């Protein structure tokens, strides 16, 4: 009987030693965001009451959102399309402008960070042009490209390129000098120095620049589309303002925020997958 009772005693001891579910951690993760959203909705409701419904209430906006998202991809003409099409057109412009900026900015950052002469040559230009407001570049794009769509892509390009150049160049400059000394002793070619030494070391800085550039691109496209018209989430906001449809404007604000949040989260996951350091938002 004593031998039979030992396994049961061991199982009881192991069961008692197992930690229970971390309910406190779950509450700390879930409760603060829920309280923040509740605070936002509460302030929104008070503002709606205070403005005598000039600002729609959360409930009215929710009902309108259900109507809009029940058919987000309808088409009734070139200037009357669902919110889904508008978001997709905006993302397409962002992808083109951002892709061109990455194709130019990342190699330029490597060159500027690698060679001191180029760094001294281009740093004053970057310092001069980087603080320029994004929309200041839009008229230049309209003048050169003679079209709203390429002008918007140009604006995204010119505003997205600076974070990638700066962060990539800083990453190259912070590569330990010991690594470069070893490369010099081994007589490595410039291509091997870039691919075997610089690129792995610079990758975290480069991905940070990419994250900043995507956030900038998504901010810029909304403002650019308000001015250029056509199809896009920015144009949709402006069109709804002209129609005095405040509910749709509020819905568009949430759509813009959610899409930006998804882009940021996706890039954080990519950065985490390709680097050894924890990437924080």
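We did not get these values from a lab; they are worked out from the coordinates using the rules stated. As the structure is a computational prediction, the values presented were derived from the model and not from experiment. No Cβ is skipped: glycine too gets one built from the backbone with ideal geometry, and neighbour counts run over all protein chains shown.
Would you mind pulling out the separation of the Cα centroids of the stretch 185-232 and the stretch 27-55, in Å?
The stretch 185-232 and the stretch 27-55 have Cα centres separated by 36 Å.
So what is the 222 nm mean residue ellipticity for the chain from helices alone, if each DSSP H run of at least 4 adds -39500 (n - 2.57) and you divide by all residues, rounding to the nearest 500 deg cm²/dmol?
Helix-only estimate at 222 nm: -26000 deg cm²/dmol.
Ranked by Cβ crowding within 10 angstrom, fewest neighbours first, how are 161, 43, 156, 249 ordered?
Ascending Cβ contact count within 10 Å gives the list 43, 249, 161, 156.
Kindly put 35, 206 in sequence by how many other C-beta atoms sit within 10 Å of each C-beta, fewest to most.
35, 206
Of the peptides 177-185, 81-89, 209-217, 260-268, how do they stack up when ordered by the mean number of other Cβ atoms within 10 Å, highest first?
209-217, 81-89, 260-268, 177-185
Quick one: what Rg and Dmax do you get for the stretch 68-274 from the alpha carbons, in Å?
My reading of the Cα-based Rg and Dmax gives 20.2, 70 Å.
Take 205, 74 and order them by how many other Cβ atoms sit within 10 Å, fewest up front.
Sorted ascending by nearby Cβ count, the order is 74, 205.
Please give the FRET efficiency for residue 130 paired with residue 180, using the beta carbon to beta carbon distance and R0 = 30 Å, rounded to the nearest 0.05.
After rounding, the FRET efficiency stands at 0.60.
As an exercise, use a Förster radius of 45 Å and the Cβ-Cβ distance of residue 63 and residue 187 to find the FRET efficiency, rounded to the nearest 0.05.
0.05
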